[in-house]
Amino acid sequence: MTTSPTTNPAPAPNLDHPVLKLVKQAFPTAKLRATEFRGQSTLIVEPGELHAVLAFLRDDPACLYNFLTDVAGVDYLNYPALMPGRFAVVYLLHSHSRDDRFAVKVFLNPSLPTDGIAEDPALYVDSACDLWPGAEWPEREVFDMFGIRFRHHPDLRRILLWEDYPAHPLRKDYPVRGLGEREAYRVVDRTSA
């Protein structure tokens, strides 16, 4: 008798997550989309509705996402699937009382070439620092690496690179070898430090 290795079935899609229904009821005119991957539900909102939806998810008694786990940036340049925008900002939320995780994503499309540091008016979203003070540094990192700016952020400046750095290095059109940053700096050794 031969036995086959046991495989765990993929989790069932969770597009009927109760929070999705609550948000849809609270924002009946909003253009909302949802997706699920490996049991993790993600709500996709428009940039203008992001802050209101995050505030609802934090404050509504049925949601109570009281902890912001992380804020991440994504560049979908040359992604094989069609995406609604080139860049995305993802807010990862956690409800301690229900031990539930939830993601909120917003897509942004640049209106200017992304090969420099030019301030693009299309790459703006509202900051979540007033909702979760812990959003300050992750939003600064997304700004630094991707060039996405956060309105009403208390201290939006670079966090990993120097202030006059010429680009945003996690953009996929940024050259792998850089823009000559390594060649432009003098070597510092023990005698010159």
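The values are calculated or read from the model by the stated rules, or taken from the named source; none is laboratory data. Remember, it's a predicted structure, so these values are computed and weren't measured experimentally. For neighbour counting, all protein chains shown are included, and Cβ atoms are generated from backbone atoms with ideal geometry for every residue, glycine included.
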Completion exercise
Looking across region 115-134 at residues that are touching a Ser or Thr at 6+ places or on another chain (Cβ under 8 Å) and either more than 30 Å from residue 19 (Cα to Cα) or polar (S, T, N, Q) (or both), the single one that is surrounded by the most Cβ atoms within 10 Å (Cβ to Cβ) is 120
Exercise for the section: Tell me which of these residue 43 doesn't satisfy, since it passes every other one: (1) closer than 21 Å to residue 122 by Cβ; (2) touching a residue at least 40 places away in the same chain (Cβ under 8 Å); (3) within 15 Å of the chain's Cα centre (by Cα). Expected result: (1)
Problem - Residue under evaluation residue 103, criteria (1) in a loop (DSSP other than H, G, I, E, B); (2) in contact (Cβ under 8 Å) with a residue 60 or more places away in the chain; (3) small (Gly, Ala, Ser), criterion not met - result: (1)
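Yes or no, residue by residue, for (1) basic (Lys, Arg); (2) in contact with a strand residue (DSSP E or B) (Cβ under 6 Å, 6 or more places away or on another chain); (3) over 22 Å from residue 34 (Cβ atoms):
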| residue | (1), (2), (3) |
| --- | --- |
| 80 | no, no, no |
| 93 | no, yes, no |
| 101 | yes, yes, no |
| 110 | no, no, yes |
| 126 | no, yes, no |
| 131 | no, no, no |
| 137 | no, no, yes |
| 140 | yes, no, yes |
Practice task
Considering only residues that are exposed (fewer than 14 other Cβ atoms within 10 Å of the Cβ) and at pLDDT below 85, look in region 167-180 and name the one that is farthest from residue 77 (Cα to Cα).
Solution key: 180
Exercise for the section: Looking at (1) within 21 Å of residue 146 (Cα to Cα); (2) among the hydrophobic types (A, V, I, L, M, F, W, C); (3) at pLDDT 95 or above, find the lone condition where residue 102 falls short. Expected result: (1)
Exercise for the section: Test each condition in (1) in contact (Cβ under 8 Å) with a residue 12 or more places away in the chain; (2) assigned to a helix (DSSP H, G or I); (3) surrounded by fewer than 14 Cβ atoms within 10 Å (Cβ to Cβ) for residue 145 and report the one that comes out false. Expected result: (3)
Completion exercise
Every listed condition ((1) part of a strand (DSSP E or B); (2) among the hydrophobic types (A, V, I, L, M, F, W, C); (3) surrounded by 18 or more Cβ atoms within 10 Å (Cβ to Cβ)) holds for residue 90 save (3)
Practice task
Test residue 112 against the stated conditions and say whether it is closer than 23 Å to residue 169 by Cα and either in contact with an Asp or Glu (Cβ under 7 Å, 6 or more places away or on another chain) or surrounded by 17 or more Cβ atoms within 10 Å (Cβ to Cβ) (or both).
Solution key: yes
Practice task
State which residue is surrounded by the most Cβ atoms within 10 Å (Cβ to Cβ) when the search covers only region 29-69 and only residues that are assigned to a loop (DSSP other than H, G, I, E, B) and among the polar types (S, T, N, Q).
Solution key: 66
Practice task
Within region 70-87, count every residue that is surrounded by fewer than 20 Cβ atoms within 10 Å (Cβ to Cβ) and in a loop (DSSP other than H, G, I, E, B).
Solution key: 10
Problem - Odd one out for residue 137 among (1) buried (at least 18 other Cβ atoms within 10 Å of the Cβ); (2) modelled with pLDDT of 95 or more - result: (1)
